[in-house]
Number of protein chains: 2
Amino acid sequence: MINKLTAKIQKTNAPIVVGLDPMLNYIPKHIQEKAFEEYGETLEGAAEAIWQFNKEIVDKTYDLIPAVKPQIAMYEQFGIPGLMAYKKTVDYCKSKDLVVIGDIKRGDIGSTSAAYAVGHLGKVQVGENKIAAFDEDFATVNPYLGSDGVKPFIDVCKEEKKGIFVLVKTSNPSSGEFQDRLIDGRPLYELVGEKVAQWGEDCMGDSYSYVGAVVGATYPEMGKVLRKIMPKAYILVPGYGAQGGQGKDLVHFFNEDGLGAIVNSSRGIIAAYKQEKYGKFGEENFGDASRAAVEDMIADIDGALKAAK
Amino acid sequence: MINKLTAKIQKTNAPIVVGLDPMLNYIPKHIQEKAFEEYGETLEGAAEAIWQFNKEIVDKTYDLIPAVKPQIAMYEQFGIPGLMAYKKTVDYCKSKDLVVIGDIKRGDIGSTSAAYAVGHLGKVQVGENKIAAFDEDFATVNPYLGSDGVKPFIDVCKEEKKGIFVLVKTSNPSSGEFQDRLIDGRPLYELVGEKVAQWGEDCMGDSYSYVGAVVGATYPEMGKVLRKIMPKAYILVPGYGAQGGQGKDLVHFFNEDGLGAIVNSSRGIIAAYKQEKYGKFGEENFGDASRAAVEDMIADIDGALKAAK
């Protein structure tokens, strides 16, 4: 799957991923109203609104992008109906040949981590059958519990040729509280980065490992260091756009081959129609606004990468 | 909810929680067969087997115990049907007046953590309605992302009078990889423990805080130190029984008031019928075996606490 991701990034010339993190207040009124008319102001109604919103954005952008990253929390908050909309979104994106990165940030120990890995990336055994439950292509994983928590995911990745992105340095303001603390003179995130490189060594695709990392766009200097520590890890970079990261901050996350990083934007794309810049499209045409925002993001990153050469 | 948990622990004299972490291979054949007959060897069939298994164990133990801790990964691996069995289990346990600790180990940033918090402990806004999706009483939370990840949970806890247990020192062998690393001469888990104490200060129940901690039974010496660092935090202690922890290891997790800790056992209780010790009950009567294992666990911990006085 890392090979597919790399190939799709090269084909689209777009090292970007659209974060499908639908908050209800991002969703245009006409979609909400229609969903509520049919299902009421219920969890089912919210789930239907999310699904219709996602579908339009995917339909309007899928040919430009290699991947999407649905944030499961945004669905899980609507309970079972919300998770059904998540699954529907995953399936629909895969039907459009998009690579799906499930932003699930799971992580536990032993058989419990194995259960998450099986449920999201693998197949669970039920009697004689092996059944894929959520079936994303990649998942994000929290490393706090150490190798016991991550290895079960890697085992499933090897079997299914799928991948993970391990949280190394997150994009949020307080990520430094623990991640930046010095251990033998070096920040914790570097140690986690080293582990990511180690974990990834024995599950390599053609050029990159099945084991990638999450490093926030908001910390470009740390990205530079981590790029060197994990040369074969694809870096998933959140924090572009709404969180403050810009194209020029991103160049250090890439390798010299122009690969090695994939930049996420969520709100900046899916709620583009709310920005003054894309206001001309109007709320009804929110999908076109998202498409324009994707085109601008691709140009911004492409420009920054070319300027850095 | 922390007051309810404390009161129930005092009433039952059982500072224990039964981990409802049903692996299919724990579930007696007759239950699996019946479920598969009705739903086939499908996710629905697995979910039905899990639900029937849980129900019997709850029916046979609820009067002895204050709380249960379903591990959501074990349900999530069976996709949407699995999560429906999770929700059914949560609701059923609440109907039996058990405190439900959702072992979800979620954690993200800002609005995403807020979505998890709302979905599991709070109520989500849909139009004019506020709706509880999963509605557990407590949830476990991963601290790797710092205060940004934890505070949204605390906000919901204050509103709903619910609680969280933050992962501090986990019970698994490799938990030390990051958690034990020294920062200014002190292990990371101590710093996380200090944060737990801080976070908990402004959301106190009568004697204990809404913000608790997870510390593995397998590390009693660390438990002793952490007990002092977080005097007002309830400690959820996994790792008893199957993972190697014993009653005598647990005394340091408690305060002098005999409170402050709640010990989890999963496999040791729910799969008790598979142990030689409880073999006399037979597979058909697995619920009675679980009841006997609960009684033994209560006696073991009670004996250890009395011996330590």
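In summary, the aspartates and glutamates within cross-link reach of A:K195, defined as a Cα separation below 14 angstrom excluding same-chain residues under 8 places away, comprise A:D148, B:E177.
Percent of C-alpha pairs per 5 Å bin in region B:207-248, short distances first: 6, 25, 30, 21, 14, 5, 0.
Pairs of Cα atoms in region A:228-307 fall into 5 Å distance bins, from 0 up to the last occupied one, in shares of 3, 15, 24, 20, 16, 10, 6, 3, 1, 0 percent. Let me check against my output: what whole-number percent is the relative contact order of chain A, with C-alpha pairs under 8 Å and at least 6 apart? The value is 18 percent.
Here B:K60 is the anchor, and the aspartates and glutamates within straight C-alpha reach of less than 19 Å, apart from those fewer than 8 places off in the same chain, are B:D21, B:E48, B:D91, B:D97, B:E283, B:E284, B:D288, B:E295, B:D296.
With both residues required to sit in region A:112-215, DSSP beta bridges show an antiparallel share near 40%. For peptide A:264-276, the mean count of partner chain Cβ atoms within 10 Å of a residue's Cβ comes to 0.
Leaving ligands and nucleic acids aside, the B/A contact buries around 5700 square angstrom of accessible area in total at a 1.4 Å probe radius.
Report note on the peptides A:274-283, A:134-143: ranked by the mean count of other C-beta atoms within 10 Å, highest first, their order is A:134-143, A:274-283.
Of the cross-linked pairs B:K248/B:K274; B:K87/B:K123; B:K8/B:K224, which ones have a Cα-Cα span greater than 18 Å in the structure shown?
Flagged as over cut-off: B:K248/B:K274; B:K8/B:K224.
When only alpha carbons of chain B are considered, Rg and Dmax amount to 18.9, 60 Å.
Per residue, the accessible area of chain A comes to 36 Å², computed with a 1.4 Å probe over protein heavy atoms only. The other copies place their B:Q10 label points at 6.8 nm from this one, listed shortest first, where each point is 7 Å from Cα along Cα→Cβ.
Summary for B:D155: label point 7 Å along Cα→Cβ; distances to the equivalent points in the other copies, ascending, 3.9 nm.
Tell me, what % of the accessible area of chain B is carbon and sulfur with a 1.4 angstrom probe? Reported share for carbon and sulfur atoms: 49 percent. Taking every residue in B:143-155 and counting other chain Cβ atoms within 10 Å of its Cβ, the average works out to 5.
Just the projected area, averaged over all directions, of the convex hull on the alpha carbon atoms of the protein assembly as shown: how many nm²? For the protein assembly as shown, the mean projected area of the Cα convex hull comes to 26.2 nm². Under the simplified labelling scheme, the B:E38-A:K228 pair shows an inter-label distance of 6.2 nm, with each label point 7 Å from Cα along Cα→Cβ. Counts of other chain beta carbons within 10 angstrom of each beta carbon in peptide B:81-87 average 3. The lysines whose alpha-carbon is closer than 18 Å to the alpha-carbon of B:K4, local same-chain residues fewer than 8 away aside, are B:K69, B:K94, B:K96, B:K158, B:K161, B:K162, B:K232. A convex hull fitted around the alpha carbon atoms of region A:33-90 yields 69 Å³ per residue.
The values are calculated or read from the model by the stated rules, or taken from the named source; none is laboratory data. All figures in this text were calculated on a predicted structure; none of them were measured in a lab. Cβ atoms come from the backbone with ideal geometry, glycine included; neighbour counts cover every protein chain shown. Each accessible area value is taken on the protein alone, full model and side chains, heavy atoms only, with ligands, DNA and RNA left out. Shrake-Rupley method; radii C 1.70, N 1.55, O 1.52, S 1.80 Å.
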